[in-house]
Amino acid sequence: MTQRDFVNGATVTLAGFPTDSNSSFVRGPAKAPSRIREQLWSEAGNSFTESGLDLKTPGLLYDAGDALLNEDEHDRAIIESTIGELLDAGTRVVSLGGDHSITYPIVRAYATRFPDLSIVHFDAHPDLYPSFGGNRFSHACPFARILEDTGVTSLVQIGIRTMSAVQKGVAERYGVRVFSPYELDAVIEALPNGPVYVTIDLDGLDPAFAPGVSHREPGGLSVREVLATVRAIPGTVVGADVVELNPDQDTGDMTAGVAAKLAKELVSRMVADARHGERT
């Protein structure tokens, strides 16, 4: 049976991509999807979002489980085809990483189905290296690949505080809008209309909120700042991912809980946008 047989009309689907073969420092994010799910459904909280949406409402949210990845160069095709099949089944997808390399094949699948797609990207790092450590598909490179290959309409990066000269050159070449944590007031007017894909690297948050990452970068965003910015997006959020949780670096599943919170509220936003689209 295919994913189409199982989705059964769910508005949003969770999909896990447990891979960290393209990580550049320490590995561990491959362990993240299961930890995020544990926190998402933990009895420490409940299934309601801040808008009052119950994620356990029948037909609302489907969990496709984790893709069967091999930790090799064939995984990109597996990720892209998995997302494409889910989108063709009529659902929208919140993906659980894994490292940030998963975003490139995910966006490839989205861009072919949403020709005017824009990206809103939360991160400490711009991930715009043409190549890193000899790897063009490193988790430090996904947005260089996306910009050169997918034809996305715009890329807005938020929380950036490690921009190198090489990455600055790529950003300027493609007209990327880059905002540091000091510039959140200016971000609002740069947020895109049309179909929007949201990608959240957990190291975009300050380590005080999300210590369980491989590349801690002090001086980042708060959970509330990320949620408020997602809420302010004027376009329609059609897809999202939460990446770079490293459970081996976490403290008491604190970051896993943050990842689950972000995933929950992304689902809520995507359901609201889908329902609005049905009404208009």
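Nothing in this text is a laboratory measurement; each read-out follows from the coordinates by a stated rule. In this text, all values refer to a predicted model and were calculated from it rather than measured experimentally. Counting neighbours? That spans all protein chains shown, and the Cβs are built from the backbone with ideal geometry, glycine included.
For mean projected area of the Cα convex hull in nm², the candidate list reads [x] 13.5; [y] 12.7; [z] 16.2; the entry that matches the value derived from this model is [x]. Length available on full extension from Glu148 to Ser222: 0.36 nm per residue minus the Cα-Cα distance, which gives 23.5 nm.
The residue among Pro33, Gly52, Leu221 whose Cα reaches farthest toward the positive pole of the charge dipole of the chain, with charges on the beta-carbon of Lys, Arg, Asp and Glu, is Gly52.
Mean-square fluctuations from a GNM of the chain, with a 10 angstrom spring cutoff on Cα atoms, peak among Ala140, Ala228, Ala30 at Ala228. For the chain, a crude dipole built from +1 on the beta carbon of Lys and Arg and -1 on the beta carbon of Asp and Glu, taken about the Cα centre, is about 440 debye to the nearest 20.
Add +1 for every Lys or Arg and -1 for every Asp or Glu among the other residues with Cβ under 13 Å from the Cβ of Val198, and state the total. Working shown, then result.
Working: positive: Arg92, Arg231, Arg269; negative: Asp123, Asp201, Asp241, Glu265, Asp273.
Overall, the nearby charge balance is -2.
Residues whose amide H lies under 5 Å from that of Arg92, counting only those 5 or more places away or on a different chain, are Val12, Thr13; hydrogens are built 1.01 Å from N in the peptide plane. Charge dipole of region 180-230 (Cα centre as origin; +1 on each Lys and Arg Cβ, -1 on each Asp and Glu Cβ, all else neutral): 160 debye, rounded to the nearest 20. Cross-link reach is defined here as a Cα-Cα straight distance under 18 Å, omitting same-chain residues fewer than 8 places apart; for Lys168 the aspartates and glutamates meeting it are Asp123, Asp127, Glu148, Glu183. Computed over the chain, the per-residue total of -39500 (n - 2.57) for DSSP H runs of n ≥ 4 gives a 222 nm mean residue ellipticity of -11000 deg cm²/dmol, rounded to 500. Averaging sequence separations of C-alpha pairs under 8 Å and six or more residues apart, then dividing by the length of region 117-235, give the relative contact order as a whole percent. Across region 117-235, relative contact order equals 31 percent. Comparing Cα centroids, region 116-182 and region 216-271 end up 18 angstrom apart.
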